[in-house]
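Asks: Input: one structure, supplied below.
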Amino acid sequence: MLKHYICLIYIIINIVEEFSIKFCGEIMELFNILKEKIKEKEVVTPKEMAIIDDNAEFLGIPKILLMENAGKVVYEEIKDIEAEEYVIFCGTGNNGGDGFVVARHLGKGEVVLIGKEGEIKTYEARENFKILKNLAEFGNIKIREIRIAEEVEDIFERLKDKKAVVVDAMIGTGVKGELREPFKTIVNKINELKKINKDLFVVSVDVETGNLESDLTITFYKRKTINKENAIVKEIGIPKEAEYVVGWGDLKALRKRDSRSHKGQNGKVLIIGGSRDFFGAPILAGLAASKIADLVGILSVDDVVDKLNNPEFIMYRVEGDYLSSKHVDYALDVAKKYDVVVLGNGFGVNDETKAFVNEFLLKYDKKAVIDADAIKVIDYNNFKFSENYVFTPHRKEFEYMNIDLNNIEEIKSTIVLKGKYDIIFNANNVKINKTGNAGLTKGGTGDVLAGLIGALFAVNDAFISACCGAFINGYAGDLLLKEKGYCFTPLDLIEKIPNVLKIFE
Ligand SMILES: NC(=O)C1=CN([C@@H]2O[C@H](COP(=O)(O)OP(=O)(O)OC[C@H]3O[C@@H](n4cnc5c(N)ncnc54)[C@H](O)[C@@H]3O)[C@@H](O)[C@H]2O)[C@@H](O)CC1
Ligand SMILES: Nc1ncnc2c1ncn2[C@@H]1O[C@H](COP(=O)(O)OP(=O)(O)O)[C@@H](O)[C@H]1O
Ligand SMILES: [K+]
């Protein structure tokens, strides 16, 4: 008997495996179609490049390897330039790290670290600086650490009439705001020097620092929006997949909580959901959102409000068993006090709810996460996919939306197509999230995801919020799988959200 039993289980597991492989195959097929339809970016912003860099590391490529390749390709571009002097200006970030590698490959010249060794921000830059210090003892490479521009007056004097190469490894894609001192003065000095010495060749690493008039910029992987025309692109070993995978690079790019912020500035989320039949869904979404957002409100029907005496939420009651047209004005009024609305969890799909959703969205003009039943009741025939919307359909709900992949540019909204792998896309971006496991198929984990995305979307843009929500939700599930196997609940998932954020903060 037992033998038959085991054999039966074996057959079932195989069928499930077969289905999920097939299903997974479909997901990858859809992903490839989307990659074709959504034009690949030729130029990226510094912030987008930082995410790609970090996700290359997420895929297992060490940054120190990329730094080595970066320094090497810059060296290759300048090694044949006739010069009596080489001066490499380095910042304390990884752009400076590239500069250390350039100096090492050159095997000569003066490295000017703008800052102190102790201020070098990253392991890979520090390691390369240490190597330079070892080499400096042999005399070919000189190193100087400066605080203010006056400390390099002698260099500018010397370069007035020399054939020289100046390498700008001061600031790269980590640039933030207006150029601060001493970089500002140093950049101006180099620009002035170029005017009086035609034999001065200025090379920028990855990005021109400030308004430096470089003769050449070697930028890595893709042109940056802030590069000058004459920038050339060099591969340094970053694979295309780094642009398509959701990894910790996306989490690092989320808006940081400002220590001086006060209540409400870190997001206000209104959950509009629930019905007489489903009271748990909006609560799960609300609990998930409250892990991140400052304020969470729940607008729902009597049954849900009466069941909820949770101090974490501000409750807004509407009479009746289901949301309906008569509640639209009140809901719009309440929504004015919030940054984002999470719509649909536990709604049900009857006509009154359908009327509420369509009328509400027609008049509501802020951010919304549209999930579950709300996705099913929208009248897509006359519907605008606003960039203020994030949809979180699973496979079946996605079919309701009848998205025309041939008119993908119309899809300004961000869509999270949930499944074994989540595909996150809109008219301009597509990414795939691989965190998560089959333990997440339990009902309610989608409500957790919707609340999570709502909280992130309150203070970030749609696409990064959707990517990070999917990543965090899945990763929380992966932590639970290690602890409990598949037997975890949506409430366990919610409790794990802070752990995931802590790991990647
Ligand atoms: N992250 C990676 O995986 C790789 C990064 N690479 C290099 O690293 C660079 C990015 O490095 P980081 O992210 O560390 O940052 P950066 O090195 O570009 O700049 C950060 C440094 O500049 C300072 N800074 C920023 N804005 C400033 C301003 N307005 N005025 C004055 N100082 C300012 C910061 O305080 C910090 O010390 C890329 O441009 C590229 O050159 C390469 O090594 C390739 C691999
Ligand atoms: N087999 C699976 N493997 C990995 N993640 C999954 C799997 N099934 C669902 N998920 C994840 O679970 C979450 C919610 O899935 P969903 O189908 O929306 O649940 P719900 O029925 O609660 O809406 C999503 O983050 C999705 O990525
Ligand atoms: K630079």
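Asks: Dipole of segment 262-504 (Lys/Arg Cβ +1, Asp/Glu Cβ -1, origin at the Cα centre): which of 480, 360, 275 lies farthest to the positive side?
Replies: 480
Asks: Which lysines, on any chain, are close to residue 72 with Cα under 20 Å apart, when same-chain ones fewer than 8 places away are left out?
Replies: Counting by Cα, and skipping residues close in sequence, residue 72 has these lysines nearby: 63, 108, 130, 133, 142, 222, 224, 234.
Asks: Any chance you could give the angle, 0 to 90 degrees and rounded to 10, that helix 183-196 forms with the longest Cα principal axis of the chain?
Replies: Long axis of 183-196 versus the principal axis of the chain: about 50 degrees.
Asks: Continuing with the same structure: Taking the Cα atoms only, what angle lies between the long axis of helix 94-106 and the longest principal axis of the chain, rounded to 10 degrees?
Replies: Tilt relative to the chain: about 40 degrees.
Asks: A further question follows. What whole-number value in cubic angstrom gives the convex hull volume per residue for the C-alpha atoms of segment 95-243? Walk me through the numbers before you get to the answer.
Replies: Working: hull volume 18.5 nm³, N = 149.
Per residue, the Cα convex hull of segment 95-243 comes to 124 Å³.
Asks: Rg and Dmax in Å for the chain, alpha carbons only: what are they?
Replies: Final numbers for Rg and Dmax: 27.4, 94 Å.
Asks: So if I place +1 on the C-beta of Lys and Arg and -1 on the C-beta of Asp and Glu, and nothing else carries charge, what would the dipole magnitude of the chain be about its Cα centre? I want it in debye, nearest 20. Before the final figure, lay out each step's value.
Replies: Working: 69 positive and 79 negative charges, 129 e Å.
Charge dipole, the chain, about its Cα centre: 620 debye, nearest 20.
Asks: From the P(r) of segment 262-504, can you give the percent of Cα pairs sitting at distances over 31 Å? The partial results should precede the final answer.
Replies: Values: 4497 of 29403 pairs.
The answer is 15 percent, as a whole percent.
Asks: Next question, about the same structure. Any chance you could give the angle, 0 to 90 degrees and rounded to 10, that helix 351-363 forms with the longest Cα principal axis of the chain?
Replies: 30 degrees
Asks: In addition: Using Cα positions and a limit of under 19 Å, work out the aspartates and glutamates in reach of residue 228, with same-chain residues fewer than 8 apart set aside.
Replies: By straight Cα distance, residue 228 reaches 42, 48, 77, 168, 178, 192, 206, 208, 213, 215.
Asks: Additional query: What does the charge count around residue 123 come to, taking other residues whose C-beta lies under 11 Å from its C-beta (Lys +1, Arg +1, Asp -1, Glu -1)? Spell out each step's value before the answer.
Replies: Numbers: positive: 63, 121, 126, 130; negative: 124, 127.
Once positives and negatives cancel, what remains is +2.
Asks: How charged is the neighbourhood of residue 68? Take every other residue with its Cβ under 15 Å from the Cβ of residue 68, and add Lys/Arg as +1 and Asp/Glu as -1.
Replies: Working: positive: 63, 72, 104, 126, 130, 234; negative: 53, 57, 76, 98, 124, 127, 206, 235.
After counting each charged neighbour, the total is -2.
Asks: To continue, here is another question. Pull up the cross-link candidates among the lysines for residue 482, meaning alpha carbon to alpha carbon under 23 Å and not fewer than 8 places away within one chain.
Replies: Candidates past the 8-residue exclusion: 291, 418, 420, 434, 442, 496, 502.
Asks: Using the Cα centre of segment 53-244 as the reference point, and only Cβ charges (+1 on K/R, -1 on D/E), how large is the resulting charge dipole? Debye, rounded to the nearest 20. Spell out each step's value before the answer.
Replies: Details: 30 positive and 37 negative charges, 16 e Å.
Around 80 debye, computed over segment 53-244.
Asks: Given the C-alpha centroids of segment 380-426 and segment 294-369, what is the distance between them in whole angstrom?
Replies: First find each Cα centre; the distance between them is then 22 Å.
Asks: Rounded, prolate or oblate, given the Cα gyration tensor of segment 418-463, with a/c below 1.5 counting as rounded? Display every interim value, and only then the final one.
Replies: Working: a/c = 2.76, a/b = 1.27, b/c = 2.17.
Judged from the Cα gyration tensor, segment 418-463 comes out oblate (a/c at least 1.5, b/c at or above a/b).
Asks: Right, here's the next one. Over what distance in Å are the Cα centres of segment 177-227 and segment 433-454 separated?
Replies: Answer, in whole Å: 46.
Asks: Using a 1.4 angstrom probe, figure out how much accessible area segment 53-244 has per residue, in square angstrom, rounded to the nearest whole. Numbers along the way, then the final one.
Replies: Working: 8580 Å² over 192 residues.
Per-residue accessible area for segment 53-244 comes out at 45 Å².
The values are calculated or read from the model by the stated rules, or taken from the named source; none is laboratory data. Source: prediction; values computed, not measured. Positions of Cβ are backbone-derived with ideal geometry, glycine not excepted, and every protein chain shown enters the neighbour counts. Heads up: the accessible areas ignore ligands, DNA and RNA and are worked out on the full protein's heavy atoms, side chains in. Shrake-Rupley method; radii C 1.70, N 1.55, O 1.52, S 1.80 Å.
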